[in-house]
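Worksheet: the structure to be examined is printed underneath.
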Amino acid sequence: MVERISFHDQIQMNKIKSFVLIVVIFIFFIILGYIISMILDPSYFFIIMIFSVIFSLIYILAGYYNSDKISLASVRAKPASQTEHRMFYHAVESMSIASGLPMPRLYVMESEEINAFASGRNPQNAVICFTTGALKKLNKQELEGVVAHEMSHVANYDIRFMTLTAVLIGMVSIIAQMFLRNLWFANVGKDRDGRVQIFLILLGIIFAILAPIAAQLVSLSISRKREYMADATGVKFTRYPLGLANALKKIKNEHIPERERKHLVAKAMAPLFISDPFKRKVQNLFSTHPDLDDRIKRLEKM
Amino acid sequence: MIWWIIGLAIFIALIFVVYYNRFIILGNRIDNSLSQIDVQLKKRADLVPNLISSVKGYAKHEKGIMKDVTDARKAFMSAKTFEGKVKAGAELQNALRSILAIAENYPQLRANENFLQLQQELAAIEDKVAYSRQYYNDSILGYNNLTKKFPGMLFASIYGKKAKKYFEIPAEERSVPKVNF
């Protein structure tokens, strides 16, 4: 029973965090609108503020309802075929039975690396995406282990918070960069109070620097513990910890030469994956994923 | 003072609602898991005619085993209760296992695309039955814990919910039996 309560807590936490994230993004755009109106012309203040409220609402709603589609499109995933990826379907159907969750939609992305992610806003609208490499190289038990890991992300609403973060903040950092670029143009040839201008430019620069850092920090807060939790919950579905452990070992031992790696994955999407698509040799503060060895060790102890 | 009483009454009413819903949710979970098992058993029975027809061409003199499978399927189709279905389903599984085992003696059959596909489907169904059985066991455990533990047992007696009878669903192996020869 204790376990169930903590699982329930995880779901609540993810829903609350998603909501907070949405509020933060909303405020961000309002402030952005305020700054823009100050730079352009304070007399347009109301028009710009109304515009930025409408814009941020559309941005958030579109992001919320299409987060799965956006994340799938960003890795150029295609729907998995019932005949060609039979094993994949069987593994996910089995895990959806074992977990009592509805069947997610399945996608496949082109990559030799073994990797996978889940996305969507709730279990009823979830997607699971595997790389072609994973479908080729993993055997049935390993495949089920990885699917179970992804299904746990679906079950505890990790997918909502993770995908929203990747989509909303990922886009914010792009927009902030555009803002910075336009700020330079906007200032050319405009004669206004120099001090105000310097202040605004500084503010703009701070924004543009903060946005990617924020993305980095949020991705940090996303992954580490979540991966352990999902590993553990996944084992509750398969009752076979070695399946996932072996899959993680295969991921660890896989050496794909840098030049053959296709970097289809946007940086902001990295935390969604079961293992970091931008594998680094050294584990550090900014790694989005916990150490594979540690995860394998924990699984083998179960 | 009156507000305290009203507040307390609302609080108690809420607890009653919460517990009622939990019984319903956990009960539905059990029904759902049973229907999952049913679906998978049905799927398996549906694959039988197909399997027989693809085996027939290659293994003509294995009539005995094929008759066993057909009979087991008939028994499954005519079973009325869920218990009966589960039992007949297990029989069918045993019969299928022996048919898959003799297939090892017929290299041409083993090379048959259709047969291979059926074999894979049957293995996947076996997995799914095993997983739905696992889910059933968990669900019934959750429900019965709720009815037996305090304070759930109080609400169980108020709502007239009894611990559900647990019935044994035969375990199925999660992979096709490997035959050494």
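Considering (1) among the hydrophobic types (A, V, I, L, M, F, W, C); (2) more than 30 Å from B:Asp127 (Cβ to Cβ); (3) at pLDDT 90 or above, the lone condition that A:Ile47 does not fulfil carries the number (3).
Tell me the helices (runs of 4 or more DSSP H) entirely within the stretch B:83-178 that contain at least 1 residues that are among the acidic types (Asp, Glu), within 23 Å of A:Lys236 (Cα to Cα) and modelled with pLDDT of 85 or more. Quick ask: steps written out before the conclusion?
Numbers: elements: B:107-111, B:113-148, B:152-159.
In the stretch B:83-178, the matching helices (runs of 4 or more DSSP H) lie at B:113-148.
Restrict the check to the stretch B:60-83 and report whether at least one residue is touching a residue at least 60 places away in the same chain (Cβ under 8 Å) and over 19 Å from the mean Cα position of the chain (by Cα). No, the stretch B:60-83 contains no residue that is touching a residue at least 60 places away in the same chain (Cβ under 8 Å) and over 19 Å from the mean Cα position of the chain (by Cα).
Based on what the data block shows, is B:Phe16 assigned to a helix (DSSP H, G or I), over 17 Å from B:Ala90 (Cβ atoms) and not basic (Lys, Arg)? Before you say what the answer is, go through the steps one by one.
Values: assigned to a helix (DSSP H, G or I): yes; over 17 Å from B:Ala90 (Cβ atoms): yes; not basic (Lys, Arg): yes.
In short, yes.
Among A:Ser219, A:Ser223, which is the only one that is of a type outside the set (Lys, Arg), modelled with pLDDT under 65, assigned to a helix (DSSP H, G or I) and crowded, with 18+ Cβ neighbours inside 10 Å? Selected residue: A:Ser223, the only one of A:Ser219, A:Ser223 that is of a type outside the set (Lys, Arg), modelled with pLDDT under 65, assigned to a helix (DSSP H, G or I) and crowded, with 18+ Cβ neighbours inside 10 Å. The set of residues in the stretch B:1-38 that are within 16 Å of A:Ser99 (Cα to Cα) and β-branched (Val, Ile, Thr) comprises B:Ile25, B:Ile30, B:Ile37.
So, in the stretch A:6-47, of the ones that are hydroxyl-bearing (Ser, Thr, Tyr) and more than 30 Å from A:Met229 (Cα to Cα), which residue ends up surrounded by the most Cβ atoms within 10 Å (Cβ to Cβ)? Working first, answer last.
Start the filter on the stretch A:6-47 by keeping residues that are hydroxyl-bearing (Ser, Thr, Tyr), which leaves A:6, A:18, A:34, A:37, A:43-44.
Pick out the ones that are also more than 30 Å from A:Met229 (Cα to Cα) and you get A:34, A:37, A:43-44.
Details: A:Tyr34: 15, A:Ser37: 19, A:Ser43: 8, A:Tyr44: 13.
Among those that are hydroxyl-bearing (Ser, Thr, Tyr) and more than 30 Å from A:Met229 (Cα to Cα), it is A:Ser37.
So if I check each of B:Ile24, B:Ile30, which one is within 14 Å of chain A (Cβ to nearest Cβ), farther than 27 Å from A:Thr83 by Cα and either assigned to a helix (DSSP H, G or I) or of a type in the set (S, T, N, Q) (or both)? So that I can check it myself, show each step before the final result.
Details: B:Ile24 fails: within 14 Å of chain A (Cβ to nearest Cβ).
Step by step, each of B:Ile24, B:Ile30 is checked, and only B:Ile30 is within 14 Å of chain A (Cβ to nearest Cβ), farther than 27 Å from A:Thr83 by Cα and either assigned to a helix (DSSP H, G or I) or of a type in the set (S, T, N, Q) (or both).
The lone criterion from (1) modelled with pLDDT of 90 or more; (2) outside any helix (DSSP H, G or I) left unmet by B:Phe11 is number (2). Evaluated against (1) free of Cβ contacts under 8 Å to residues at least 12 places away in the same chain; (2) in a helix (DSSP H, G or I), A:Leu21 falls short on exactly one condition, (1).
Among the residues making up the stretch A:87-100, those that are at the interface with chain B (Cβ under 7 Å from one of its Cβ atoms) and in a helix (DSSP H, G or I) are A:His90, A:Glu93, A:Ser94, A:Ile97, A:Ala98.
Within the stretch A:265-296, the only residue that satisfies the criterion of being at pLDDT 75 or above and of a type in the set (S, T, N, Q) is A:Ser275.
Each row is one residue, and each column tells you yes or no for (1) surrounded by fewer than 14 Cβ atoms within 10 Å (Cβ to Cβ); (2) in contact with a Ser or Thr (Cβ under 7 Å, 6 or more places away or on another chain).
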| residue | (1), (2) |
| --- | --- |
| B:Asp31 | yes, no |
| B:Gln36 | no, yes |
| B:Leu41 | no, no |
| B:Ser54 | no, no |
| B:Lys63 | yes, no |
| B:Ala75 | no, no |
| B:Lys85 | no, no |
| B:Gly89 | no, no |
| B:Ser98 | no, no |
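Residues in the stretch B:91-133 that are free of Cβ contacts under 8 Å to residues at least 40 places away in the same chain and closer than 22 Å to A:Asn139 by Cα: B:Arg110, B:Ala111, B:Glu113, B:Leu116, B:Gln117, B:Gln120, B:Ala124, B:Tyr131. Assessment of the stretch A:69-81 against the conditions (touching a Leu at 6+ places or on another chain (Cβ under 9 Å), charged (D, E, K, R), on the phi > 0 side of the Ramachandran plot and away from chain B (no Cβ under 14 Å)) yields at least one matching residue. Return the residues of the stretch B:118-158 that are more than 8 Å from chain A (Cβ to nearest Cβ), surrounded by 14 or more Cβ atoms within 10 Å (Cβ to Cβ) and of a type in the set (Phe, Trp, Tyr); say none if nothing qualifies. The answer is B:Tyr136, B:Tyr143, B:Phe155.
I'd like the full set of residues that are charged (D, E, K, R), surrounded by fewer than 19 Cβ atoms within 10 Å (Cβ to Cβ) and not in a loop (DSSP other than H, G, I, E, B), limited to the stretch A:67-84.
Start the filter on the stretch A:67-84 by keeping residues that are charged (D, E, K, R), which leaves A:68-69, A:76, A:78, A:84.
Those still in the list that are surrounded by fewer than 19 Cβ atoms within 10 Å (Cβ to Cβ) too: A:69, A:76, A:78, A:84.
Result: A:Lys69, A:Lys78.
Give the stretch A:124-147 a look and list any residue that's away from chain B (no Cβ under 14 Å) and either under 16 Å from the mean Cα position of the chain (by Cα) or not in a helix (DSSP H, G or I) (or both), or say none.
Step one: of the stretch A:124-147, the residues away from chain B (no Cβ under 14 Å) are A:124-138, A:146.
Answer for the stretch A:124-147, where residues must be away from chain B (no Cβ under 14 Å) and either under 16 Å from the mean Cα position of the chain (by Cα) or not in a helix (DSSP H, G or I) (or both): A:Asn125, A:Ala126, A:Val127, A:Ile128, A:Cys129, A:Phe130, A:Thr131, A:Leu138.
The values are calculated or read from the model by the stated rules, or taken from the named source; none is laboratory data. Everything numeric here is computed off the predicted structure, so don't read it as measured data. Ideal geometry is used to build each Cβ from the backbone, glycine not excepted, and the neighbour counts take in all protein chains shown.
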